[in-house]
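The values are calculated or read from the model by the stated rules, or taken from the named source; none is laboratory data. Everything numeric here is computed off the predicted structure, so don't read it as measured data. Quick reminder, even Gly has a Cβ in these numbers, built from the backbone with ideal geometry, and neighbours come from all protein chains shown.
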Ligand SMILES: Nc1ncnc2c1ncn2[C@@H]1O[C@H](COP(=O)(O)OP(=O)(O)OP(=O)(O)O)[C@@H](O)[C@H]1O
Ligand SMILES: [Mg+2]
């Protein structure tokens with residue numbers, strides 16, 4: 001399903017938009033962004049697993065295992081992130097084919113960043129899921145978050161375009177992990193020329209911070225919230 | 001040696017209900033400790049606190065010297081638990097469940113391969129090992145749950161009603177496994193509401209009721225502590241007359257008589273070997289025909305009744 005959606009997005013929106021946008025190579029730009037968007041929504045999925053676990057009473061089991069809460073949460077977010085990666089892997093390969101990566105080293109750095117991004121999104125999803133404790137509300141919130149975080153990023157259009165639309169949006173977009181991931185992916189695949197990414201270190205640090213925050217925060221929240229029912 | 005588990009003032013409240021109410025208890029290394037109590041007594045809640053799954057409202061416990069509040073990671077490293085309601089990962093087969101558990105507990109790939117088979121065979125779950133857990137019966141799931149503890153061989157094993165839903169043959173197997181586990185050096189906490197199970201397996205028994213510990217001792221001491229220590233049930237052909245009951249009461253070894261039915265008398269007494277012939281003589285002399293006479297030892301049910309004034313069945317209904 002996701003693959004069909006992805007391909008149709010590329011085929012329809014990508015091609016149409018690339019005519020409208022007055023940016024060179026917008027099609028490649030868009031394909032890279034779409035990969036990151038898809039990775040984002042796949043990594044979010046782990047949050048729904050949490051509800052499934054609550055329903056099946058697996059929490060108590062997980063909490064009783066001879067591992068620390070940190071290991072548990074890290075294990076979950078890395079597991080969720082990896083799963084998303086495996087899921088989206090073929091699509092990333094496809095976009096690489098479309099884009100044609102040039103420098104292997106920067107590509108590896110970008111891939112590493114995408115990994116961290118994926119783990120971070122999983123960690124975020126777990127954290128939000130255990131805070132909200134209601135799968136319905138989680139579902140809605142994730143929809144809203146998806147719309148905001150993806151729209152207010154450079155996934156679909158360069159920062160300059162967002163900035164031009166509204167400086168506030170631009171500000172938000174430049175502090176967005178999706179922006180970091182998309183920019184790094186483009187940088188890694190050698191199409192950074194069109195986004196004027198001067199220093200890949202900043203988005204890389206941004207992604208590391210994003211990942212670290214939700215892992216750390218996730219552990220605390222998980223430990224506090226997971227006990228005592230109230231799951232819907 | 002200090003007790004391996006020291007529970008101090010442990011309390012868990014759910015709203016106004018104190019599910020576990022200022023519990024103090026010590027469990028010795030290498031024993032099977034039977035935690036006996038009717039439904040809702042607070043056994044599972046106490047266990048979940050020990051396993052650091054839920055947090056106490058008040059009080060704490062030291063497990064292997066580690067405080068469950070301060071060093072929960074250390075505590076979990078010592079524990080293995082078979083839950084009352086089997087906790088399965090939702091997409092898995094018995095083999096996956098046990099293998100995954102062994103992996104998390106740090107067994108090497110080599111060892112796992114061998115032991116998963118061995119353990120699943122022990123609980124008679126080798127054949128259906130590739131079935132989806134949803135397709136398993138309740139008893140089968142309990143067996144898989146037990147297999148997790150068996151493969152882990154934890155220093156402290158907690159088993160919460162391990163044999164409910166399991167057939168008689170299976171029960172005996174699991175009891176033997178628990179005894180073996182203890183003999184290999186594990187300390188075992190056995191939560192149960194089956195008196196026979198607690199009596200048969202436990203080195204010591206603690207009786208819980210409404211979140212509190214009523215008594216705690218060896219099953220023998222507990223049983224000896226109540227009334228005379230021996231019980232005989234006499235079934236008469238006709239209703240027992242008050243005079244006969246009075247005459248039976250006049251034996252100094254007879255502590256108490258309960259008229260269970262008009263024709264059935266239950267005598268609590270001491271030195272049963274000496275008294276029974278005298279009782280038989282008396283009944284013959286008075287021309288009271290006896291249908292049957294049966295000697296029985298006091299059970300933990302009698303102990304429970306002694307301390308709560310309720311049979312365990314009544315207590316269960318009470319909670320329900
Ligand atoms: N998560 C919870 N929220 C609210 N009340 C709870 C919760 N867990 C247990 N209780 C209540 O705490 C009391 C003790 O329950 P617990 O499960 O510890 O009893 P138990 O001795 O294990 O009983 P059983 O033999 O039925 O397993 C019960 O009255 C139960 O309703
Ligand atoms: Mg219970």
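Restricting attention to segment B:68-79, does a residue exist that is part of a strand (DSSP E or B), away from ligand 2 (no atom under 16 Å from the Cβ) and more than 30 Å from residue B:200 (Cα to Cα)?
Within segment B:68-79 (the criterion being part of a strand (DSSP E or B), away from ligand 2 (no atom under 16 Å from the Cβ) and more than 30 Å from residue B:200 (Cα to Cα)), the answer is no, since none of the residues qualifies.
Being assigned to a strand (DSSP E or B), crowded, with 17+ Cβ neighbours inside 10 Å and more than 16 Å from ligand 2 (Cβ to nearest atom): is that true of residue B:35 here?
no
Could we say that residue A:61 is without any contact (Cβ under 8 Å) to a residue 40 or more places away in the chain and surrounded by 22 or more Cβ atoms within 10 Å (Cβ to Cβ) here?
Yes; evaluated as a whole, the condition is true for this residue.
When you check residue B:48 against the structure, is it more than 16 Å from ligand 1 (Cβ to nearest atom) and either under 25 Å from residue B:193 (Cα atoms) or in contact (Cβ under 8 Å) with a residue 12 or more places away in the chain (or both), yes or no?
no
Taking into account only those residues within segment B:191-203 that are away from ligand 1 (no atom under 16 Å from the Cβ) and in a helix (DSSP H, G or I), which is nearest to the other protein chains (Cβ to nearest Cβ)?
It comes out as B:201.
Determine which member of the set B:174, B:158, B:166, B:188 is modelled with pLDDT of 95 or more and either more than 16 Å from ligand 1 (Cβ to nearest atom) or away from chain A (no Cβ under 14 Å) (or both). Working first, answer last.
Values: B:174 fails: modelled with pLDDT of 95 or more; B:158 fails: either more than 16 Å from ligand 1 (Cβ to nearest atom) or away from chain A (no Cβ under 14 Å) (or both); B:166 fails: modelled with pLDDT of 95 or more.
Going through B:174, B:158, B:166, B:188 in turn, the sole match is B:188.
What are the residues in segment B:20-32 that are in contact (Cβ under 8 Å) with a residue 24 or more places away in the chain and either within 14 Å of chain A (Cβ to nearest Cβ) or away from ligand 2 (no atom under 16 Å from the Cβ) (or both), if any?
B:22, B:24, B:25, B:27, B:28, B:29, B:30, B:31, B:32
In segment B:56-79, what count of residues is obtained for those that are more than 10 Å from chain A (Cβ to nearest Cβ) and in contact (Cβ under 8 Å) with a residue 12 or more places away in the chain?
Keep residues of segment B:56-79 that are more than 10 Å from chain A (Cβ to nearest Cβ), which gives B:56-71.
This time we only want the ones that are in contact (Cβ under 8 Å) with a residue 12 or more places away in the chain, so: B:56-66, B:68-69.
Summing the residues that are more than 10 Å from chain A (Cβ to nearest Cβ) and in contact (Cβ under 8 Å) with a residue 12 or more places away in the chain in segment B:56-79 gives 13.
For segment A:37-87, what are the residues that are in contact with a helix residue (DSSP H, G or I) (Cβ under 9 Å, 6 or more places away or on another chain), facing chain B (nearest Cβ under 9 Å) and not in a helix (DSSP H, G or I)?
Correct list: A:65, A:66, A:67, A:68.
Filter segment B:46-65 down to the residues that are surrounded by fewer than 24 Cβ atoms within 10 Å (Cβ to Cβ) and within 10 Å of ligand 2 (Cβ to nearest atom) and list them by number.
Residue satisfying the conditions is B:47 alone.
How about segment B:80-96: which of its residues are more than 28 Å from residue B:64 (Cα to Cα) and either modelled with pLDDT of 85 or more or more than 7 Å from chain A (Cβ to nearest Cβ) (or both)?
First pass over segment B:80-96, keeping only residues more than 28 Å from residue B:64 (Cα to Cα): B:89-96.
Across segment B:80-96, the qualifying residues are B:91, B:92, B:93, B:94, B:95, B:96.
Right, residue B:288: under 30 Å from residue B:37 (Cβ atoms) and either surrounded by 16 or more Cβ atoms within 10 Å (Cβ to Cβ) or at pLDDT 80 or above (or both) or not?
Numbers: under 30 Å from residue B:37 (Cβ atoms): no; either surrounded by 16 or more Cβ atoms within 10 Å (Cβ to Cβ) or at pLDDT 80 or above (or both): yes.
No.
Is it the case that segment B:231-253 has a residue that's in contact (Cβ under 8 Å) with a residue 40 or more places away in the chain, out of contact with any strand residue (DSSP E or B) (no Cβ under 7 Å at 6 or more places or on another chain) and buried (at least 20 other Cβ atoms within 10 Å of the Cβ)?
No, segment B:231-253 contains no residue that is in contact (Cβ under 8 Å) with a residue 40 or more places away in the chain, out of contact with any strand residue (DSSP E or B) (no Cβ under 7 Å at 6 or more places or on another chain) and buried (at least 20 other Cβ atoms within 10 Å of the Cβ).
Could you please let me know if residue B:3 is more than 16 Å from ligand 1 (Cβ to nearest atom) and in a loop (DSSP other than H, G, I, E, B)?
Yes: the conditions hold for residue B:3.
Assuming residue B:42 fulfils every condition listed in (1) more than 16 Å from residue B:190 (Cβ to Cβ); (2) within 16 Å of ligand 1 (Cβ to nearest atom) apart from one, which condition is it?
Single failed check for residue B:42: (1).
Can you give me the number of residues within segment B:97-111 that are within 11 Å of chain A (Cβ to nearest Cβ) and outside any loop (DSSP other than H, G, I, E, B)? I'd like the intermediate steps shown before the answer.
Taking segment B:97-111 as the starting set, the residues that turn out to be within 11 Å of chain A (Cβ to nearest Cβ) are B:97, B:100-101, B:103-106.
Next cut, outside any loop (DSSP other than H, G, I, E, B) only: B:97, B:100-101, B:103-104.
Summing the residues that are within 11 Å of chain A (Cβ to nearest Cβ) and outside any loop (DSSP other than H, G, I, E, B) in segment B:97-111 gives 5.
Counting just the residues of segment B:144-171 that are under 21 Å from residue B:130 (Cβ atoms) and over 16 Å from the mean Cα position of the chain (by Cα), which one comes out nearest to ligand 2 (Cβ to nearest atom)?
Out of the qualifying residues, it is B:145.
Per-residue answers, yes or no, for (1) in contact with a strand residue (DSSP E or B) (Cβ under 9 Å, 6 or more places away or on another chain); (2) surrounded by 24 or more Cβ atoms within 10 Å (Cβ to Cβ):
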| residue | (1), (2) |
| --- | --- |
| B:158 | yes, yes |
| B:161 | yes, no |
| B:169 | no, no |
| B:180 | no, no |
| B:187 | yes, yes |
| B:199 | yes, no |
| B:204 | yes, no |
| B:207 | yes, yes |
